[in-house]
1. To the nearest 20 debye, what charge dipole does region 4-209 have about its Cα centre, counting +1 at the Cβ of each Lys and Arg and -1 at the Cβ of each Asp and Glu?
2. Sort 12-18, 161-167 by the packing proxy (mean of other Cβ within 10 Å over each peptide's residues), most packed first.
3. For Glu142, what charge total do you get from the other residues with a beta carbon under 12 Å from its beta carbon, if Lys and Arg give +1 and Asp and Glu give -1?
4. Tell me which of Ala43, Thr100, Thr7 sits at the most positive position along the dipole axis of region 4-209, charges placed on C-beta atoms (Lys, Arg +1; Asp, Glu -1).
5. May I have the pair-distance distribution P(r) for the chain, computed from all Cα-Cα distances with 5 Å bins from 0 and rounded to whole percent?
6. Rank by packing, highest mean first: peptides 89-98, 62-71, 181-190, with packing defined as the count of other Cβ atoms within 10 Å averaged across residues.
7. If R₀ is 25 angstrom, what is the calculated FRET efficiency for the pair Thr17 and Ala114, using the beta carbon separation as r and rounding to 0.05?
8. Enter the Cα centre distance for the pair region 29-59 and region 134-177, rounded to the nearest angstrom.
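Computed from the coordinates by the stated procedures, all read-outs in this text should not be read as laboratory data. All of these numbers come straight from a predicted model, not from anything done at the bench. Cβ: placed from backbone, ideal geometry, glycine included. Neighbour counts: every protein chain shown.
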Amino acid sequence: MSGLLVTIEGGEGAGKTTQSALLAAALEQLGCSVLRTREPGGAPGAEALRGFLLGRDHGLSLRAEAMAHFAARIDHVDSTIKPALASGRLVLCDRFTDSTLAYQGYGLARGDPAVLDFIARLTALLDVRPALTLMLDVRRAEGRRRVRLRGQDDDRYERLDEAFHERVAAGYRTIAAADPARCRLIAAGDPVEAVQRRMVAAVQALLRDGPLQEGAAAPGRQ
Ligand code: Z5A
């Protein structure tokens, strides 16, 4: 496959959707063919599962919930991501496997090693891997403030308590530290334009230099 998969991660209100749109426009201007997509969703079957997963109590056990996110993901990979990569496009995906690790693994399961290992094994089954993951790092209070201002109804995860969201944020930092070759922690508490410059610079570095080798750099905040 000749395309590149770039994922954007972070807690609620971090600015993923805003930045994904701006980044896609900037990359198109540089001559890239970009496909923007999101999870859960990004394909008709996966969008149907999104409604189920984000609605009120679905009644699934924790491992079943993680697996349902992967069922949606595999539909998304097969129907949308792999065809776009095969035609050489840059796929910009709002949330991917790190969301399951952060929300189900570190958030709901509180970092239980058995659940983290279960999610790692599901991840290993996928036949695509991000070349780069941009992790938007914003203080929880600021993310919450932005979402309140926007004024939409909370989904199932947004209704969970502050301690849950703190575990998710810490989970993301753990994931970034464990995979510095792939992950870039982006300081996202600043104005939109400043964050956008950091995002564009990170993708330009990938396009110029290719993916970093394992252990080549620490996941410093940009
Ligand atoms: N989930 C899961 O548990 N497991 C999984 O495997 C997957 C997902 C894939 C998806 O929700 C939920 O599913 C998510 C995790 C779970 N739940 N939570 N929490 P979603 O996709 O509907 O929502 P989200 O991903 O959390 O996105 P969000 O809340 O819409 O936030 P965002 O995309 O990061 O932010 P935004 O929409 O770009 O910006 C929010 C507002 O802030 C908006 O009004 C902007 O204009 C404003 N904004 C953005 N940037 C700035 C800056 N820099 N300054 C000031 N204001 C800003």
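1. For region 4-209, the charge dipole is close to 300 debye.
2. For the peptides 12-18, 161-167, the packing ranking is 12-18, 161-167.
3. With Lys, Arg at +1 and Asp, Glu at -1, the net is +3.
4. Thr7
5. That works out to 1, 7, 15, 20, 22, 18, 12, 5, 1, 0, in percent per bin.
6. Going from most to least packed, we get 89-98, 181-190, 62-71.
7. So, using R0 = 25 Å, E works out to roughly 0.15.
8. Using only Cα atoms, the two centres lie 18 Å from each other.
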